[in-house]
Every structure is written in structure tokens, then in C-alpha cells.
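What follows is a single structure, written as C-alpha cells, with notes after it.
The values are calculated or read from the model by the stated rules, or taken from the named source; none is laboratory data. This is a predicted model, so every value here is computed, not measured. Glycine also receives a Cβ, built like all others from the backbone with ideal geometry; neighbour counts cover every protein chain displayed.
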Amino acid sequence: MTGFARGHGACGGYSWSWELRSVNAKGLDLRLRLPVGWDALEGPVRASSAQMLARGTVHATLTVARPHVAPIVRINETVLAAVLATIQSLASRIDAVEPRLDGILALKGVIDVVEPDEREEDRRTAEAEVIAGFQSTLADLAAMRRAEGEGLQRVLRQRIGEIAALTARADAAPGRRPEAVKARIAEQVTTLLGASSRFDADRLHQEAILIATKADIREEIDRLASHVAQVERLLAEGGSIGRRLDFLAQELNREANTLCSKSNDVELTNIGLELKSVVEQFREQVQNLE
């Protein structure tokens, strides 16, 4: 499911911000971007995500700064001495303008800009605050995903209602009436007799049974109705039902395919094709659910 949330805060000399984005995925995939030196947060953050979310690719980015701590500028005396010695050595051989101070200081390694050392207790307190901030931001993300899920639930209820209506139409189709099935069997048996006069009674009986079996879609209709009832029950229960609905969508599609393959009636074939289309729409929306 898609969603976005941002949280920020401050603790002592630290300021931090979390940015969370989620997109659809079959499983849960948390992709973390942590500042250098903050790897200790990965375990608690992943544990919190697994407790609150079940599906989706979640991109989580943490930014940490110490805005009120003045950096320390240090001259690397060893590097500076080496640079000056090189300049003096070249001055006797090359006719050039003497280097400026800002040019020397701009050389890599001459100046080191570092932050003051952290106190261990300050760092641990900041880490605890950042983890709590992640959990709060994650709750906001989950709330946004739930709001989206409520909208998707209405769409899924509409689609499963259409599937139920199409199943009822297939069950009531004139082509399923016994007399219609008998007429089709008689027509096909007549065709078989016309193709060969050497059919014996047993073989003809077997062929008639096979044709009757293929024409019967009672089993498919019963399974469709059962799957529809399970979907309605899951939608009523709520929670993390995306994977179970995904499985039921596959089963609905399987029964719709079988109904189409068994059908030798135009109306039933059209119902089956329409059923396949609605089931596919249902399955696509299920991919967005947790």
C-alpha cells in the first residue's frame, strides 16, 4: 500500500528527521538509509516495522545533525609541513607567483573540520529519541495506509458483488437446464454417429457420459459462491488480509477459466468472459492491500 509520513524532533544538541514512503509489494521490504555511525538503530527500527506492517516496500531515510555544536578546525601540521617543503623546493626551479595562503589551506588534508567528541550518554539518549520518533512516524504512515485501505475495501466490495451476481447469472442461465443439456448431448451423439457407423453401445454410452460431465458447471458455481463468501467474511473482519485475498483471487480466476472451457453455450461463455474480467480487476486491487 502507498503512503507517506514525515517526523522530526530534537534531543540535547541533536536534531533529527524521518521520512517514510511506502509502495505496493507482496511482502515487507524495509529499505533504510541511516547516517554514518547510526547503524545501531537498524535492529530496533526493523523490529518496529515488522510489528506494525505486513506488506509493502518502505523507504525510510534518517537525517541527523548537531546544529548548535560549533565544528573544530584543525591544521594537519604534518601535511602542511610537507606542502611548504614542496613549495620551497619548486620555487628554485620554477618561475611562478608565490602561492597564496587561501590556496594552501584549500589543499586536501591541510585542514580537518571535525565535530566535537560526543558524550556516550548524550548519544544513547539521542538514539532512544530517534527510535521513538521512528515509531511515531511509522504510526502516521500506517494511519495513511489504513485510510487508503478503507477506500479500497469499498471498491473490493463492489467487485465481489459483481462476481456474485455473475455467478448467479451463470447458475440461472437457460443453457444449464437439463433439457438444454440433453439437447446438446443428443446433437453431439448424432454427430458422432454420422462420423462413424462402427460405434458400439458401450462406447457411445461412455461418450455421452463424458459430454454430460463437461457440460456440468455445478462444481465451478459452488466453488465460486464459496470463494465469494470467504472474501466477504475477510472484508468484514479487516486487518492484514491482503495475502489471503490474493490467494482467493487466484482461485476465483481458476474457476472462471474452467467455466469458460466447459461452456458450450454462448450466454454462459459471455458470462464466463465477463467474470474473468471482473476477477482480474479484483485481483489488481488486492495487490494494493496489506
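Restricting the stretch 278-290 to residues that are outside any helix (DSSP H, G or I) and among the polar types (S, T, N, Q), which is modelled with the highest pLDDT? Only one residue fits best here, namely Q287. When we screen A65, A132 for residues that are surrounded by 15 or more Cβ atoms within 10 Å (Cβ to Cβ) and out of contact with any Leu (no Cβ under 6 Å at 6 or more places or on another chain), the only hit is A132.
A Cβ distance below 8 Å, combined with a sequence gap of six or more or placement on separate chains, defines the contacts here; from the stretch 74-102, residues that are without any contact (Cβ under 8 Å) to a residue 40 or more places away in the chain reach residues that are part of a loop (DSSP other than H, G, I, E, B) and surrounded by fewer than 12 Cβ atoms within 10 Å (Cβ to Cβ) in the pairs N76/G109; V79/G109; L90/A96; A91/E98. Quick check: anything in the stretch 72-86 touching a helix residue (DSSP H, G or I) at 6+ places or on another chain (Cβ under 7 Å) and either on the phi < 0 side of the Ramachandran plot or surrounded by fewer than 11 Cβ atoms within 10 Å (Cβ to Cβ) (or both)? Yes, the stretch 72-86 contains at least one residue that is touching a helix residue (DSSP H, G or I) at 6+ places or on another chain (Cβ under 7 Å) and either on the phi < 0 side of the Ramachandran plot or surrounded by fewer than 11 Cβ atoms within 10 Å (Cβ to Cβ) (or both).
The number of residues in the stretch 11-51 being at pLDDT 90 or above and under 28 Å from R123 (Cβ atoms) comes to 27.
When the stretch 262-277 is filtered for residues that are modelled with pLDDT of 85 or more and buried (at least 21 other Cβ atoms within 10 Å of the Cβ), the ones remaining, listed by number, are I271, G272, L275.
Which of the residues that make up the stretch 30-53 are touching a helix residue (DSSP H, G or I) at 6+ places or on another chain (Cβ under 7 Å) and either of a type in the set (A, V, I, L, M) or part of a loop (DSSP other than H, G, I, E, B) (or both)? Answer for the stretch 30-53, where residues must be touching a helix residue (DSSP H, G or I) at 6+ places or on another chain (Cβ under 7 Å) and either of a type in the set (A, V, I, L, M) or part of a loop (DSSP other than H, G, I, E, B) (or both): L30, L32, L34, A40, L41, V45, M52, L53.
Regarding the stretch 12-20, can at least one residue be identified that is part of a strand (DSSP E or B) and free of Cβ contacts under 8 Å to residues at least 40 places away in the same chain? No, because not a single residue in the stretch 12-20 is part of a strand (DSSP E or B) and free of Cβ contacts under 8 Å to residues at least 40 places away in the same chain.
In the stretch 116-129, the qualifying residues are those that are surrounded by fewer than 17 Cβ atoms within 10 Å (Cβ to Cβ) and in contact with a strand residue (DSSP E or B) (Cβ under 7 Å, 6 or more places away or on another chain), and the one that is modelled with the lowest pLDDT is P116.
Residue by residue through the stretch 230-274, note down the ones that are among the hydroxyl-bearing types (S, T, Y) and in contact with a Cys (Cβ under 7 Å, 6 or more places away or on another chain). T269, the sole residue that qualifies.
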